[in-house]
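> First the structure, then my questions, so here it is.
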Amino acid sequence: MPCDVAAGWQPAALPADPEAARHLQEWLDDPSYSLYGIEQDFRGADLSGGNFAGGWFIGARLAGVRLAGACFYRADLQSADLTGADLTGACLVKANLDEAVLRSARLGGADMVRADLYEVDAAGAGFRGTRIGGAWLHGVDLRGADLADAVMSENSFKVRVDDTTVVRGLTGTVFGPITVVSGDASRELAGAELEAWIRARGGDVQVIPPHRQAG
């Protein structure tokens, strides 16, 4: 497991919701099993630095929650609401984020290697310096997102962007195509056109031909 979390960790603040706070406290008293947080309301909590590897957060409400440096290795966050959450430096390696909401979330410096993101709303999210190697991004809304200095590595990258999406310093390799949205119009970019679009905005990404994509 790639996470390095200190033993005896305690949250800086428990969730405001009594049921979620009780579930979390019970798990803290016996962390021998993965946290079962399905559809729980964790809003108001500060869970920075916690080890939630393998945890179940399907449909959980995590909007605005502080999760900086937390470990979500192989955690299931499908359909979770992470609007405005602070995931700075978090470990999301092999995490399932399908259909999650990451709108305006902060993921700077996070590790998202081999994470799954299908139909994710990440509009306005911050991915500065994030590692996104071997991840599956399909139908992800990155309009207004900040990908400055993020590092890609053979990612599926079928995303939606617009002129406010920041790709300055973005490097690595991706499989396209992307959809560039401008008002009510949109266009698809792949191959050399996609490389040129990113390069014109300060990034340097190689687009891998489709026949090399596994699966």
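The values are calculated or read from the model by the stated rules, or taken from the named source; none is laboratory data. What you see is a predicted model, and the numbers here were worked out from it, not measured in a lab. Using ideal geometry, Cβ is built from the backbone for each residue, glycine included, and neighbour counts are taken over all protein chains shown. Areas reflect the complete protein model, heavy atoms only, side chains present, ligands, DNA and RNA absent. Shrake-Rupley method; radii C 1.70, N 1.55, O 1.52, S 1.80 Å.
> Name, by its number, the condition in (1) open to solvent by less than 30 Å² (accessible area, probe 1.4 Å); (2) under 11 Å from the mean Cα position of the chain (by Cα) that does not hold for Ala123.
(2)
> Kindly indicate the residue of segment 170-203 that is in a loop (DSSP other than H, G, I, E, B) and touching a strand residue (DSSP E or B) at 6+ places or on another chain (Cβ under 8 Å) and also most open to solvent (accessible area, probe 1.4 Å) among those meeting that condition. Steps first, please.
Applying the first criterion (in a loop (DSSP other than H, G, I, E, B)) to segment 170-203 yields 170, 176-177, 183-184, 190, 200-203.
Among the residues that remain, those that are also touching a strand residue (DSSP E or B) at 6+ places or on another chain (Cβ under 8 Å) are: 170, 176-177, 190, 201, 203.
On the way: Leu170: 2, Gly176: 17, Pro177: 34, Ala190: 49, Arg201: 84, Gly203: 6 Å².
So, considering only residues that are in a loop (DSSP other than H, G, I, E, B) and touching a strand residue (DSSP E or B) at 6+ places or on another chain (Cβ under 8 Å), the one most open to solvent (accessible area, probe 1.4 Å) is Arg201.
> Also: Is it fair to say Arg128 is touching a strand residue (DSSP E or B) at 6+ places or on another chain (Cβ under 7 Å), modelled with pLDDT of 95 or more and assigned to a loop (DSSP other than H, G, I, E, B)?
Yes.
> Out of everything in segment 33-47 that is under 19 Å from Leu97 (Cβ atoms) and open to solvent by 30 Å² or more (accessible area, probe 1.4 Å), what residue ends up being modelled with the lowest pLDDT?
Ser34
> Kindly indicate the residue of segment 148-160 that is in contact with a strand residue (DSSP E or B) (Cβ under 6 Å, 6 or more places away or on another chain) and over 21 Å from Lys94 (Cβ atoms) and also most open to solvent (accessible area, probe 1.4 Å) among those meeting that condition.
Result: Arg160.
> Quick check on Asp111: is it buried (at least 19 other Cβ atoms within 10 Å of the Cβ), within 26 Å of Pro18 (Cα to Cα), of a type in the set (Asp, Glu) and touching a Pro at 6+ places or on another chain (Cβ under 9 Å)?
It is false that Asp111 is buried (at least 19 other Cβ atoms within 10 Å of the Cβ), within 26 Å of Pro18 (Cα to Cα), of a type in the set (Asp, Glu) and touching a Pro at 6+ places or on another chain (Cβ under 9 Å).
> Only residues that are open to solvent by 80 Å² or more (accessible area, probe 1.4 Å), modelled with pLDDT of 90 or more and not acidic (Asp, Glu): list them for segment 1-32, please.
Of everything in segment 1-32, those that are open to solvent by 80 Å² or more (accessible area, probe 1.4 Å), modelled with pLDDT of 90 or more and not acidic (Asp, Glu) turn out to be Gln10, Ala12, Ala16, Pro18, Arg22.
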